[in-house]
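> Following this message is one structure expressed as structure tokens.
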There are 2 protein chains.
Amino acid sequence: MFTMAELTSRQREVLELIQAHQQSEGASPTIRELGAGLKIGINGVVGHLRALERKGFLEYRPNRARSLRLISPLHSLRKHVVDVPLFGSIPAGVPDNRDQEAEGCVSVDIETLGIPKPSARVFALRVNGDSMIGKHILSGDIVVLEHGREPRHGDVVAALIDGESTLKTYVVKSGKSYLKAENPRYPDLIPSDELVIQGVVCALVRKAKDSKSGERRS
Amino acid sequence: MFTMAELTSRQREVLELIQAHQQSEGASPTIRELGAGLKIGINGVVGHLRALERKGFLEYRPNRARSLRLISPLHSLRKHVVDVPLFGSIPAGVPDNRDQEAEGCVSVDIETLGIPKPSARVFALRVNGDSMIGKHILSGDIVVLEHGREPRHGDVVAALIDGESTLKTYVVKSGKSYLKAENPRYPDLIPSDELVIQGVVCALVRKAKDSKSGERRS
DNA sequence: GGCCATAGTGAACATTTGTTCACCTCAGCG
DNA sequence: CGCTGAGGTGAACAAATGTTCACTATGGCC
């Protein structure tokens, strides 16, 4: 609660402007751009920047263009964010790069995703149907999968069944591996070598349904 | 799979270097920085940048420092990413800004989170215990909450009970609102006006447990 | 062989951008 | 009253950075 209190309102304005510029332009503003945004000259801006730096909200490298960096308690905790392509389903065996066909982009930091490196072979699927409800995965959830990883007993995997990506649990039973649906209504147990495993689930994201739109179960 | 194929290996190198620099430094590299990284002169770099721009992988504003921007199918789908402070629990009634006490940072795009604007009043909690298993929220999950929003019937909310943040379902029954635990073992029904509601759950993130840490079967 | 794209080098040049110096106003404070 | 800090203006300067011109070399292609 100190964080914001130490700042004057004008300084907060500057900080927010920098942040806004970074978000919209992808790079920090220059001093003159800030000046234009605040309708003041460059020296007014310099004064603010110095104050903000002294107070520990900013950091920048001398003599480097657009090197302003915000420092906030959050920023120091911030991890690397990866952009994961979201597919409706995956028709064939996931060639190396089909980002073009993504129908969405899920950006999450790797810490939260639980993957060590931004290895390119990560993608996301929107879950359709309640077949994995036993694993507490609901219809509408987004699952993030890693392709090419060896599944282990109990992992949830996406497999290509009848031309559709389907979620199953990977189980090992007396030396053989099977895929199992987590829904009593589909008690199949399919030998896993008969199928192509497209990826192993490493994370899940669920959006609370917008209370305005209806519910699915009666 | 076309995306990458159109590039020479050297061009791919350039692209990756730009991306790496953006991630690590927070800003695009300059031409000379790229040159240093690739161990070539500035004109070699310029050639590559032109080629990459012509092929549609890059964009940049003339005469602007560090204005390189990657263009990929994913980038065009990319949404605004917000940094959400992750708390173990929230002792008191969420004053305006307590980012300093965050024990982690969850960065997710707003589209996936399902919030319209990056209103500052968003925070995350790590779920402890299975009290919400009826809503398919597990121990270890991270829930993202919006503070100050009016809960609706069926929403999951965090409430301060005995000095601890606890997840409950908000229900309305004959004109009165209650909080209900989604676990048959805790069938409490608490009138909601007796408690402080800290936030309404708008999203959930689950990390698949790291198979390497716990179970390992021979 | 001529043509074109890739992949460079080297040097000059122009613009952007950060930095600094001098000076001003205003509110609060002892 | 003089002092300090916030918040400015204006101009000049220097470093960083993008741009361009000239030229070389290689490999594929018709």
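> Specify which of the listed residues (A:186, A:170) is assigned by TED's automatic domain parsing to the domain that holds residue A:137, modelled with pLDDT of 90 or more and surrounded by 12 or more Cβ atoms within 10 Å (Cβ to Cβ).
So the residue among A:186, A:170 that is assigned by TED's automatic domain parsing to the domain that holds residue A:137, modelled with pLDDT of 90 or more and surrounded by 12 or more Cβ atoms within 10 Å (Cβ to Cβ) is A:170.
> So, one more: Please work out if residue A:171 is within 23 Å of the chain's Cα centre (by Cα) and in a strand (DSSP E or B).
Details: within 23 Å of the chain's Cα centre (by Cα): no; in a strand (DSSP E or B): yes.
Spelling it out, it is not the case that residue A:171 is within 23 Å of the chain's Cα centre (by Cα) and in a strand (DSSP E or B).
> So how many residues does region A:39-67 have that are in contact with a strand residue (DSSP E or B) (Cβ under 8 Å, 6 or more places away or on another chain) and either among the hydroxyl-bearing types (Ser, Thr, Tyr) or near DNA strand D (Cβ under 8 Å from one of its atoms) (or both)?
So the count comes out to 1.
> Residue B:31: of a type outside the set (S, T, N, Q), within 15 Å of DNA strand D (Cβ to nearest atom), closer than 26 Å to residue A:61 by Cβ and open to solvent by 50 Å² or more (accessible area, probe 1.4 Å), yes or no?
Details: of a type outside the set (S, T, N, Q): yes; within 15 Å of DNA strand D (Cβ to nearest atom): yes; closer than 26 Å to residue A:61 by Cβ: yes; open to solvent by 50 Å² or more (accessible area, probe 1.4 Å): yes.
Criteria met by residue B:31.
> Show the residue pairs that are 6+ apart or on different chains and have beta-carbon atoms under 8 Å apart, the first residue being within region A:67-90 and over 19 Å from residue A:12 (Cβ atoms) and among the hydroxyl-bearing types (Ser, Thr, Tyr), the second being within 16 Å of DNA strand C (Cβ to nearest atom) and open to solvent by 50 Å² or more (accessible area, probe 1.4 Å).
Partner pairs satisfying both residue conditions: A:67/A:60; A:67/A:61.
Quick grid of which residues meet (1) away from chain B (no Cβ under 13 Å); (2) in contact (Cβ under 8 Å) with a residue 24 or more places away in the chain:
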| site | (1), (2) |
| --- | --- |
| A:101 | no, no |
| A:116 | no, no |
| A:133 | no, yes |
| A:138 | no, yes |
| A:142 | no, yes |
| A:167 | no, yes |
| A:172 | no, no |
| A:178 | yes, no |
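> Please count how many residues of region A:44-93 are more than 16 Å from DNA strand C (Cβ to nearest atom), among the hydroxyl-bearing types (Ser, Thr, Tyr) and within 7 Å of chain B (Cβ to nearest Cβ).
1
> Looking only at region B:30-43, filter to residues that are of a type in the set (Val, Ile, Thr) and touching a helix residue (DSSP H, G or I) at 6+ places or on another chain (Cβ under 8 Å); which one of those is nearest to DNA strand C (Cβ to nearest atom)?
It comes out as B:42.
> Residue under question is residue B:70, and the condition is that it be closer than 30 Å to residue A:86 by Cα and either open to solvent by 20 Å² or more (accessible area, probe 1.4 Å) or more than 12 Å from DNA strand D (Cβ to nearest atom) (or both); does it hold?
So residue B:70 fits the description; yes.
> I would also like to ask the following. What do you reckon, is residue A:89 open to solvent by 70 Å² or more (accessible area, probe 1.4 Å), among the polar types (S, T, N, Q) and at pLDDT below 95?
No: the conditions fail for residue A:89.
The values are calculated or read from the model by the stated rules, or taken from the named source; none is laboratory data. In this text the structure is predicted, and so the values were computed from the model without any measurement. Please note: Cβ atoms are built from the backbone with ideal geometry, for glycine as well, and neighbour counts cover all protein chains shown. Surface accessibility is based on the protein's heavy atoms, side chains included, excluding ligands, DNA and RNA. Shrake-Rupley method; radii C 1.70, N 1.55, O 1.52, S 1.80 Å.
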